[in-house]
Each structure stands twice: as structure tokens, then as C-alpha cells.
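The values are calculated or read from the model by the stated rules, or taken from the named source; none is laboratory data. None of these values were measured; they are calculated from a predicted model. FYI the Cβ positions are ideal-geometry reconstructions off the backbone, even for glycines, and counts take in every protein chain you see.
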């Protein structure tokens with residue numbers, strides 16, 4: 001049985017590798033060199049050159065992550081010293097290519113979802129608290145339910161507080177992030193990944209979803225694998241590159257939440273006359289916090305939901321190819337399981353929570369409901385990029401024999417390595433798409 005699973009896994013990834021190699025052959029010449037240099041992550045140790053980002057489809061604000069093999073975990077022995085020793089053992093992981101949002105999901109983007117859901121009767125709003133219609137499942141909190149949201153319910157529709165359109169959305173529950181992903185998938189005429197009754201994710205579909213922990217960390221590193229770095233840009237804890245507690249950015253002169261606009265930390269001189277931040281500071285020189293893949297805010301600003309349940313032992317026995325996280329979460333002191341947060345945030349944890357390898361169970365935001373929304377939690381989206389095979393850190397395809405782990409995928413308490421459909425079924429049937437239907441052409 002184990003041998004059959006491994007053979008199936010090898011055939012699946014081998015097909016992806018063959019597709020990747022054929023694609024490379026077809027890109028010979030000057031144009032091929034330009035495309036290759038744009039898509040391949042830098043393998044050098046120094047931070048990227050500002051402005052050199054991998055191209056992504058402008059229509060959905062994502063960038064292609066080439067996939068590959070990396071050593072996941074804490075390479076600097078910082079996790080155990082700072083809070084928990086759950087970032088070890090360092091282990092090899094191989095990922096297929098995927099797209100990831102260049103920015104965290106913004107207030108304006110989430111507001112469009114809420115108004116669409118409200119118009120279709122898919123949510124219930126009680127005093128600003130947003131629930132899945134007919135259930136007690138909380139999606140998010142908005143004003144007037146909480147003072148810390150930049151989304152405002154006026155009794156008829158949702159609006160964004162003036163000047164906060166480009167700030168990351170906060171006060172989002174995990175289920176609220178998932179519901180947004182399904183809505184966006186239908187808007188883009190893709191197959192939604194989530195069952196909104198069971199909250200299960202179908203990774204064979206081509207729609208939007210939350211990243212796995214492995215996908216988040218690989219993307220967050222931005223190609224800096226030789227050596228592995230502490231932060232998305234390098235090893236220096238530079239508060240001009242990220243929105244951390246007491247980083248002295250101009251938004252700290254105003255009320256909570258002290259979020260900054262997505263893309264704020266790009267190495268440019270920012271001006272109050274353009275961004276209208278609170279206080280009297282006229283300019284602020286940002287450091288370049290953009291990583292080698294062109295991703296913003298992979299350290300700080302808001303915590304980001306991952307798709308995975310949290311367990312502190314997952315690294316010791318999880319699958320090594322496209323790991324999806326454990327099947328169930330490890331109960332925390334209150335007896336409840338929790339999802340994983342990554343990235344750190346503007347409010348607490350400072351630089352330690354923003355290390356690329358750092359893992360946080362949602363429990364550490366407080367002893368509330370396991371996925372209770374709060375003013376420093378948001379998310380970013382990912383989607384699969386079918387047809388491209390995984391590449392190693394050097395850019396060369398690795399054999400499956402080099403990444404297989406005996407016993408990993410066969411553990412009952414961990415997810416099996418997924419087998420993605422080469423072409424997800426193209427169905428326009430509402431039953432296949434769930435409650436969301438594509439927009440009429």
C-alpha cells in the first residue's frame with residue numbers, strides 16, 4: 001500500500017516536471033532569457049534589487065511563485081528562545097508552482113465581497129457583526145460592533161472609512177477569509193475550493209484559497225535560500241521595512257488599528273500630503289520591505305490566516321511534497337483547536353513574530369473563541385498554477401527520490417500529499433460552484 005502511494009506520487013510530480021522541462025525548451029532565445037530571469041527567484045544571499053519583481057496577472061493582483069524545494073523551519077535557533085520550539089526540525093519540502101497575492105487583502109476588496117453577499121442574502125448583519133446566513137458562524141466584525149474595523153455598516157450597505165481603502169482588512173475570522181476566497185473564485189469564473197458547510201478545501205480546484213503554511217513560508221522567503229534569512233529581506237530587524245509595534249511610522253499618531261497601506265514599505269519617501277496620515281509628520285522615509293518575489297508585508301502589518309490547523313509537532317512527521325497541514329488541530333489550554341497565523345503584526349510580538357519561519361496558533365491572540373477576529377488579523381490569497389513543475393533552490397528539477405520521506409504521508413493524523421487535477425472540471429452548474437455563480441457576460 002505504501003509503495004503504491006509513493007509510485008502514484010512520483011508519477012504525478014514527474015508529469016509536472018516533464019511539463020516544466022518542455023516549457024523551458026520552448027523558451028529558447030532572448031525572449032526566453034527575459035522570461036526566465038523574471039520568474040526565477042534570486043539564489044544570492046543579498047536582498048533583491050528594488051523594483052525587480054516577478055510578473056503576475058494584473059487582473060487579480062497575484063504573482064507567480066515558481067515552486068521548488070526548500071528547507072522549512074527555523075535556521076537561526078530563534079523560535080525556542082522567543083516563545084515556542086515549534087519551528088523544528090528543519091525539513092525538506094517540495095511545492096508545485098502557485099500564485100500568491102502581492103498584497104494583503106484590503107478593506108476595499110473585502111467591502112465589495114460583503115456588499116455582494118448582502119445583496120444575495122448570504123450573510124446576516126447584527127449590529128455590525130457579520131454571520132453566514134442562518135448560522136452562528138461569524139465571518140467578521142465591522143462598525144458599529146467594534147471600533148477597530150475600517151468597515152462601516154450603515155444599515156443598508158458596507159462602506160470603507162475615508163482614506164482606509166488600501167489598508168489591510170482586519171477583524172476577520174478564518175471562515176470569513178474562506179468565504180471571501182470562494183466569492184472571488186466565482187467572480188473570476190474559477191472553481192471555488194471550499195465547502196462552506198464543512199469548511200474543507202479541495203486542492204484540485206483552480207480557485208482562490210488561503211495559503212498552506214509551507215506555501216506561505218516559501219513565498220515569504222522570496223528566494224533567499226543561500227543562506228536562509230530571518231526576515232523576507234535579510235537578517236536585519238529594520239523597523240523602516242515593516243509595520244511592527246512602535247516602529248514609529250506616522251500612522252502610530254492616530255487611533256487603533258495602526259495598520260499601514262499595503263505597499264507602504266517600498267523604499268520610497270512617503271508624504272502626508274499624498275496619504276493624509278494622522279499627526280503632523282510631513283514625510284517618512286520607508287525601507288524596502290518588498291521581498292525577492294515582489295511581495296509586500298510578509299513581515300508585519302497584520303497577521304495572516306493560513307489554511308492549516310496548528311500542531312506543534314507537525315514538522316516532525318508531515319508530508320514533504322505539497323503538505324496541507326494536519327487533519328485536525330492540537331487542542332490548546334482551553335481545549336479548542338486553532339488555525340495558524342503568519343507574518344507578525346502592528347500590535348504585538350515585535351520582530352520575533354515577523355520572522356519568516358515563525359508560527360503562531362490563533363490562540364495567542366487571547367483566550368477567546370479559537371478563530372475570533374481581532375484588529376491585527378487579516379489574510380492574503382493564493383491559487384494554484386497548474387501545468388508548471390516544481391524546481392529546486394538552484395532552479396533545477398529534483399528527483400522525487402530525493403524528497404520522499406518514509407512514513408510521512410502514511411500517518412493517519414496528517415494529510416496525504418495531494419494529487420491535483422491537471423484540468424479542473426469546467427462546470428457552470430450552481431451545485432458544483434456552490435451558492436456563488438459567475439457574473440453574466
Residue match in the stretch 176-187 (condition: more than 21 Å from residue 100 (Cβ to Cβ), touching a residue at least 40 places away in the same chain (Cβ under 8 Å) and in contact with a strand residue (DSSP E or B) (Cβ under 8 Å, 6 or more places away or on another chain)): no
Scan of the stretch 330-355 for residues that are in a loop (DSSP other than H, G, I, E, B) and without any contact (Cβ under 8 Å) to a residue 40 or more places away in the chain, ordered by number: 330, 331, 332, 333, 334, 335, 336, 337, 338
Residue match in the stretch 155-166 (condition: buried (at least 22 other Cβ atoms within 10 Å of the Cβ) and farther than 20 Å from residue 119 by Cα): no
Residue within the stretch 148-167 that is closer than 19 Å to residue 345 by Cα, touching a residue at least 40 places away in the same chain (Cβ under 8 Å) and out of contact with any helix residue (DSSP H, G or I) (no Cβ under 8 Å at 6 or more places or on another chain) present: yes
Residue 100 vs. criteria in a strand (DSSP E or B), over 24 Å from residue 266 (Cα atoms) and touching a strand residue (DSSP E or B) at 6+ places or on another chain (Cβ under 6 Å): no
Single condition residue 199 does not satisfy, out of (1) at pLDDT 95 or above; (2) buried (at least 17 other Cβ atoms within 10 Å of the Cβ): (2)
So residue 36, is it modelled with pLDDT of 95 or more, surrounded by 12 or more Cβ atoms within 10 Å (Cβ to Cβ), in a helix (DSSP H, G or I) and on the phi < 0 side of the Ramachandran plot: no
Condition check for residue 267: within 17 Å of residue 294 (Cβ to Cβ) and either buried (at least 17 other Cβ atoms within 10 Å of the Cβ) or modelled with pLDDT under 95 (or both): no
Selection status of residue 248, more than 15 Å from residue 300 (Cβ to Cβ) and either out of contact with any helix residue (DSSP H, G or I) (no Cβ under 9 Å at 6 or more places or on another chain) or at pLDDT 95 or above (or both): no
Single unsatisfied condition, residue 76 versus (1) outside any helix (DSSP H, G or I); (2) buried (at least 19 other Cβ atoms within 10 Å of the Cβ); (3) in contact (Cβ under 8 Å) with a residue 60 or more places away in the chain; (4) more than 19 Å from the chain's Cα centre (by Cα): (2)
Failed item, numbered, when residue 170 is tested on (1) without any contact (Cβ under 8 Å) to a residue 24 or more places away in the chain; (2) under 21 Å from the mean Cα position of the chain (by Cα): (1)
Residue 315 part of a loop (DSSP other than H, G, I, E, B) and at negative phi: no
Residue count, the stretch 122-136 (criterion: farther than 14 Å from residue 171 by Cα and part of a loop (DSSP other than H, G, I, E, B)): 6
Filter result for the condition that a residue is out of contact with any strand residue (DSSP E or B) (no Cβ under 9 Å at 6 or more places or on another chain), more than 15 Å from residue 346 (Cα to Cα) and buried (at least 21 other Cβ atoms within 10 Å of the Cβ), over 243, 291, 322: 291
Check on residue 140, crowded, with 19+ Cβ neighbours inside 10 Å, part of a strand (DSSP E or B) and modelled with pLDDT of 95 or more: yes
Tally of residues being free of Cβ contacts under 8 Å to residues at least 60 places away in the same chain, surrounded by fewer than 19 Cβ atoms within 10 Å (Cβ to Cβ) and assigned to a loop (DSSP other than H, G, I, E, B) across the stretch 271-285: 5
